[in-house]
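Colleague: One structure coming up, written as structure tokens, with questions to follow.
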Amino acid sequence: MAQGDATVWQDFFDRDAQTVAPELIGAQLAIDGVGGVIVETEAYAPDDPASHSFRGETPRNRAMFGPPAHAYVYRSYGIHWCLNLVCRPGSAVLIRALEPTTGIEAMRARRGLDNVRLLCAGPGRLCQALGVTDALDGLPVTLPPFRIEPPKAPAIVGSGVRIGLTKAIDVPWRFGLGGSPFLSRKL
DNA sequence: CCTAAGATCATCT
DNA sequence: GATGATCTTAGGC
């Protein structure tokens, strides 16, 4: 599975978000050469009260109902952007944290912060560091400016409850690389 | 260490 | 008009 192998990525993402989310831990994700290793994700499903897709399709969440392996970007709390990778219709994986590996200087400049551990430790921070905006909403992640590569080795994945929700707060669909210092919070 | 509040706006009711 | 898949700062212990 390589960058240009759109068919394989289609199949990879054409499954339930809760199945895809843990398998993305350890994958490499970059936008215009700026990014790193995915260390934290969360899954959102169609019948999930906490999911934006729960009440059906609207202009905002349109991308969640489009083809798999595309981006869904939304604004959070009027301030931050958050990046999801679309799986089956109405389901998506929220990318919550990266271990920065490439383009670190660009991230530092965008975030106005030296501390590498905190550059991408949270969905809003990550999007600021990678320059994610709604301009990327609905674009395929198998083509530039995205670059995505599968994990080089099986990751040791832990799980826990999702963060910041008021509904379905006890579903353990948060996944993370065990012991990584780049998580938004300890698992 | 911790909890609390403010920033700020697209979306939905 | 209320809400939120967040982050930062300020202040208490």
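Colleague: Kindly establish whether residue A:82 is in contact with a Cys (Cβ under 7 Å, 6 or more places away or on another chain), over 21 Å from residue A:169 (Cα atoms), touching a residue at least 24 places away in the same chain (Cβ under 8 Å) and within 16 Å of DNA strand B (Cβ to nearest atom).
Modeller: The answer is no for residue A:82.
Colleague: So, one more: May I ask you to list the residues in region A:48-59 that are more than 10 Å from DNA strand C (Cβ to nearest atom) and either farther than 28 Å from residue A:7 by Cβ or open to solvent by less than 10 Å² (accessible area, probe 1.4 Å) (or both)?
Modeller: Those that are more than 10 Å from DNA strand C (Cβ to nearest atom) and either farther than 28 Å from residue A:7 by Cβ or open to solvent by less than 10 Å² (accessible area, probe 1.4 Å) (or both): A:55, A:56, A:58, A:59.
Colleague: Residue A:88 - would you say it is under 21 Å from residue A:23 (Cβ atoms) and either of a type in the set (Asp, Glu) or surrounded by fewer than 23 Cβ atoms within 10 Å (Cβ to Cβ) (or both)?
Modeller: When the stated conditions are applied, residue A:88 passes them.
Colleague: Output the residue which, of all residues in region A:129-161 that are closer than 16 Å to residue A:24 by Cα and of a type in the set (D, E, K, R), is surrounded by the fewest Cβ atoms within 10 Å (Cβ to Cβ). Step through it out loud before you land on a result.
Modeller: So in region A:129-161, the residues closer than 16 Å to residue A:24 by Cα come out as A:141-142, A:146-160.
With of a type in the set (D, E, K, R) added as a condition, the list becomes A:147, A:149, A:152.
Working: A:147: 18, A:149: 14, A:152: 10.
That would be A:152.
Colleague: Suppose we filter region A:1-26 for residues that are modelled with pLDDT of 95 or more, of a type in the set (A, V, I, L, M) and surrounded by fewer than 21 Cβ atoms within 10 Å (Cβ to Cβ); how many remain?
Modeller: Number of matching residues: 0.
Colleague: Counting only residues that are buried (at least 21 other Cβ atoms within 10 Å of the Cβ) and either of a type in the set (Asp, Glu) or farther than 15 Å from residue A:79 by Cβ (or both), which one in region A:104-128 is farthest from DNA strand B (Cβ to nearest atom)?
Modeller: Here the residue is A:107.
The values are calculated or read from the model by the stated rules, or taken from the named source; none is laboratory data. These numbers were taken from a predicted model, which means no experiment stands behind them. So basically every Cβ, Gly included, is an ideal-geometry build from the backbone, and we count neighbours across all protein chains shown. Side chains included, ligands, DNA and RNA excluded: accessible areas come from the protein's heavy atoms. Shrake-Rupley method; radii C 1.70, N 1.55, O 1.52, S 1.80 Å.
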